[in-house]
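The values are calculated or read from the model by the stated rules, or taken from the named source; none is laboratory data. The model shown is predicted, which means the values in this text are computed figures rather than measured ones. Don't worry about glycine lacking a Cβ; one is built from the backbone with ideal geometry, like all the others, and counts go over all protein chains shown. These area figures cover heavy atoms from the full protein model, side chains too; ligands, DNA and RNA do not enter into them. Shrake-Rupley method; radii C 1.70, N 1.55, O 1.52, S 1.80 Å.
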Amino acid sequence: MVNYKVADENLAEKGKEALYIAESKMPVTAEIIRKRFSEEKPLKGITIAGCLHITKETGILARTLKAGGAEVYLCGSNPLSTQDDVAAALVQEGINVFAWHGNTDEEFYWCIRECLKAKPNILIDDGADMIVTAHKEFSELIENGTIIACQEETTTGVKRFKAMDKQGILRVPLFPVNDARCKNQFDNELGTGQGIVAAIYGMHVLFAGKTVVIAGFGHCSSGMALRARGLGANVIVTEVDAIKALQAKFAGYNVMPIEKTLPIADIILTATGCKHVIQPSKETFNKLKDGVILGNLGHFDIEIPTKELYEYAKEIKPLRQHVEELIFPDGKKVYLLAKGRLANLVLSEGHPAEVMDMSFGLQSLMSEYIVRNKGKLKPGMIDVPVDIDDRVGFLKLQAMGIEIDSLTEEQYNYIHGYEEGT
Ligand code: NAI
């Protein structure tokens with residue numbers, strides 16, 4: 001029996017078309033790993049719950065985990081990122097899905113609880129909400145060893161778990177899959193970088209000639225700065241980290257405090273994982289340029305002070321789906337994308353499948369690793385093993401038909417030795 005609650009089961013055919021497209025773009029997850037999983041069934045008897053953006057790419061991950069023998073439960077990791085057609089298609093394939101676009105906070109947590117009620121052995125989270133809920137409300141699953149280990153997909157989730165670990169309250173083995181090289185150097189940089197296209201479609205503006213402010217110069221934001229510049233924008237980067245700020249400066253961007261950019265910015269895009277990157281005050285709001293577009297690509301909707309902007313606006317006009325015109329008391333107009341939530345997922349389809357292939361290849365292999373190491377994993381943060389990270393890299397190269405050199409014995413000994421010098 002499949003357990004589910006989705007928006008509309010009749011959307012399944014459309015969802016199947018989306019999944020069909022992703023299949024061909026994800027050779028590592030959908031072909032190479034899935035073929036072996038189908039034969040070896042490394043996840044037999046295991047229940048996996050994923051709190052992930054319900055997109056076609058997540059559907060491909062779910063298919064691969066199921067092919068490996070797992071019972072899969074999915075809920076959305078953001079109230080606005082679920083693609084209802086994909087959710088409906090996955091239900092038809094026997095994946096248990098509790099997700100629909102536009103759910104309330106209460107419904108969001110109800111979906112998480114429905115997945116946890118299935119007593120999962122592995123949790124794959126995106127933002128930490130499911131694993132934190134497991135700690136608070138389903139602690140018996142941790143105490144009695146039902147949950148073997150957990151995996152986290154995004155930077156904000158990893159930061160939350162590091163904070164829990166530091167306070168001694170993280171009680172599960174936690175693999176920060178986000179921090180693997182095959183994940184954050186590709187998914188975050190390339191995927192979120194290309195996410196600025198969603199910002200363009202939000203208002204259908206030309207980036208060329210515009211002053212675009214990118215808050216942050218981390219994995220996601222440096223990708224966004226690069227793509228915005230590629231589209232002809234004058235890019236200003238804001239940072240709080242001296243080294244990142246220097247990197248941005250030497251990469252040729254203007255760098256300055258965000259407050260100084262407000263009167264000149266045509267578009268402001270955030271992806272910092274921080275709160276109130278634009279300060280939630282009337283004085284700050286009044287500095288914004290008339291007509292500015294505000295978009296966030298960081299995990300939570302608090303980088304741009306959405307709530308306070310809504311309160312300050314005297315009128316909020318929906319312009320098109322997920323784009324609002326906020327009219328301030330003095331008549332100034334500000335355009336808010338995706339209610340301050342992940343603009344690339346809400347206004348578009350999220351990262352391209354090609355880049356999610358590596359992230360979800362890693363998540364697939366990490367689920368297998370967890371099962372193989374059941375009983376040996378201690379609570380706390382555990383790095384993704386380097387050989388698994390490397391293997392996904394090699395598989396991606398193989399799938400793309402790219403060969404690379406390998407070290408000769410002489411080279412290996414040289415770079416691992418100290419004797420040879422001047
Ligand atoms: P990161 O840690 O590599 O970069 C964040 C950067 O923001 C750092 O350089 C930091 O110094 C800077 N920063 C922090 N506070 C700031 C502030 N107040 N003003 C200016 N800069 C500030 O993190 P990463 O991987 O780039 O992730 C950023 C956010 O994007 C996270 O919330 C993450 O979960 C999310 N994310 C979103 C994705 C999407 O599809 N939209 C995909 C992957 C990650």
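With the requirement that a residue be within 12 Å of the ligand (Cβ to nearest atom) and either over 21 Å from the mean Cα position of the chain (by Cα) or open to solvent by 60 Å² or more (accessible area, probe 1.4 Å) (or both), what does region 170-184 give you?
Asp179
Return the pair list, or none, for Cβ contacts closer than 7 Å from residues in region 377-394 that are within 14 Å of Thr29 (Cβ to Cβ) to residues that are among the aliphatic types (A, V, I, L, M), at least 6 apart or on different chains.
Note: pairs meeting the criteria are Ile388/Leu362; Ile388/Leu365; Ile388/Met366; Arg391/Leu365; Val392/Val28; Val392/Met358; Val392/Leu362; Val392/Leu365.
So which residues in region 361-386 are closer than 15 Å to Glu153 by Cα, in contact with a strand residue (DSSP E or B) (Cβ under 9 Å, 6 or more places away or on another chain) and open to solvent by less than 10 Å² (accessible area, probe 1.4 Å), if there are any at all? It would help to see each step written out before you state the result.
Filtering region 361-386 for residues closer than 15 Å to Glu153 by Cα gives 361-367, 381-384.
Narrowing further to those that are in contact with a strand residue (DSSP E or B) (Cβ under 9 Å, 6 or more places away or on another chain): 362-363, 366-367, 381-384.
Across region 361-386, the qualifying residues are Leu362, Gln363, Met366, Ser367.
Restricting to region 277-288, and then to whatever is within 14 Å of the ligand (Cβ to nearest atom) and polar (S, T, N, Q), can you tell me which residue is most open to solvent (accessible area, probe 1.4 Å)? Let's see the steps before the verdict.
Filtering region 277-288 for residues within 14 Å of the ligand (Cβ to nearest atom) gives 277-280, 284.
Keeping just the survivors that are polar (S, T, N, Q) gives 279, 284.
Values: Gln279: 97, Thr284: 6 Å².
Among those residues, the one meeting the criterion is Gln279.
Checking Val334 against (1) part of a strand (DSSP E or B); (2) open to solvent by 20 Å² or more (accessible area, probe 1.4 Å), only one condition comes out false. Which one?
If we test Val334 against (1) part of a strand (DSSP E or B); (2) open to solvent by 20 Å² or more (accessible area, probe 1.4 Å), just (2) comes out false.
Collect the residues in region 387-410 that are open to solvent by 50 Å² or more (accessible area, probe 1.4 Å) and either at positive phi or not in a loop (DSSP other than H, G, I, E, B) (or both), keeping them in residue-number order. Write out each step before concluding.
Of region 387-410, the ones open to solvent by 50 Å² or more (accessible area, probe 1.4 Å) are 387, 390-391, 394, 398, 400-410.
Result: Asp387, Asp390, Arg391, Phe394, Gln398, Gly401, Glu409, Glu410.
Which of the following residues is among the charged types (D, E, K, R) and touching a helix residue (DSSP H, G or I) at 6+ places or on another chain (Cβ under 8 Å): Glu71, Glu57?
Numbers: Glu71 fails: touching a helix residue (DSSP H, G or I) at 6+ places or on another chain (Cβ under 8 Å).
Going through Glu71, Glu57 in turn, just one is among the charged types (D, E, K, R) and touching a helix residue (DSSP H, G or I) at 6+ places or on another chain (Cβ under 8 Å): Glu57.
Could you say whether any residue in region 314-325 is touching a Ser or Thr at 6+ places or on another chain (Cβ under 9 Å) and either among the charged types (D, E, K, R) or at pLDDT below 95 (or both)?
Checked against the condition, which is being touching a Ser or Thr at 6+ places or on another chain (Cβ under 9 Å) and either among the charged types (D, E, K, R) or at pLDDT below 95 (or both), region 314-325 yields no hits at all.
Which one of Lys378, Lys339 is part of a loop (DSSP other than H, G, I, E, B) and either within 16 Å of the ligand (Cβ to nearest atom) or more than 24 Å from the chain's Cα centre (by Cα) (or both)?
The conditions single out Lys378.
Which of the helices (runs of 4 or more DSSP H) contained wholly in region 202-276 include at least 3 residues that are closer than 28 Å to Glu349 by Cβ and open to solvent by 10 Å² or more (accessible area, probe 1.4 Å)?
On the way: elements: 219-230, 242-250, 258-261.
Output list reads 219-230.
How many residues, within region 220-237, are more than 16 Å from the ligand (Cβ to nearest atom) and touching a residue at least 12 places away in the same chain (Cβ under 8 Å)?
Residues flagged as more than 16 Å from the ligand (Cβ to nearest atom) and touching a residue at least 12 places away in the same chain (Cβ under 8 Å) within region 220-237 amount to 5.
Out of the residues in region 289-314 that are of a type in the set (Val, Ile, Thr) and either in contact with a Pro (Cβ under 6 Å, 6 or more places away or on another chain) or assigned to a loop (DSSP other than H, G, I, E, B) (or both), state the one that is farthest from the ligand (Cβ to nearest atom).
Here the answer is Val292.
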